[in-house]
Amino acid sequence: MSPNVRLTAWVHGHVQGVGFRWWTRSRAAELGLVGYASNLRDGRVEVVAEGARETCDKLLELLRSPGTPGRVELVVERWSDARGNVTGFVER
């Protein structure tokens with residue numbers, strides 16, 4: 001079993017006020033990931049998810065898919081070691 005990782009993704013586009021954080025929380029919960037989705041002041045949404053690399057990759061694919069609420073223009077990602085300091089998946 002591979003160690004858990006942390007995915008931090010910054011989602012650019014029209015992603016605030018359209019249910020994007022709720023949609024992300026739902027997809028992450030279905031995948032069994034923990035973390036959060038948070039609106040940033042500049043209009044982006046920051047998504048932090050921890051779990052198996054393969055599962056985080058699936059969430060990243062979903063964030064980039066045409067089926068998201070709103071309009072995603074760009075997703076910038078950063079990978080790091082899991083910190084283990086989050087439980088559940090919440091909207092902030």
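Every number in this text was worked out from the coordinates using simple rules, so none of it is lab data. Just so it is clear, the structure is predicted and the values come from calculations on it, not from any experiment. Neighbour counts run over all protein chains shown; Cβ positions are idealised from the backbone, glycine included.
Within the range 71-90, is there a residue that is in contact with a Phe, Trp or Tyr (Cβ under 7 Å, 6 or more places away or on another chain) and farther than 19 Å from residue 5 by Cα? No - not one qualifying residue is present in the range 71-90. Selection of first residues in the range 70-92 that are over 10 Å from residue 48 (Cβ atoms) and in contact (Cβ under 8 Å) with a residue 24 or more places away in the chain and of second residues that are of a type in the set (Val, Ile, Thr) and assigned to a loop (DSSP other than H, G, I, E, B), restricted to Cβ pairs under 7 Å at least 6 apart or on distinct chains, gives the following pairs, ordered by first then second residue: 70/15; 70/18; 72/15.
I want to confirm something. Restricting to the range 1-55 and keeping residues that are within 15 Å of residue 73 (Cβ to Cβ) and among the aromatic types (Phe, Trp, Tyr), which single residue is farthest from the chain's Cα centre (by Cα)? My answer is 20.
For the residues 43, 88, the requirement of being closer than 18 Å to residue 23 by Cα, touching a helix residue (DSSP H, G or I) at 6+ places or on another chain (Cβ under 9 Å) and among the small types (Gly, Ala, Ser) singles out 88.
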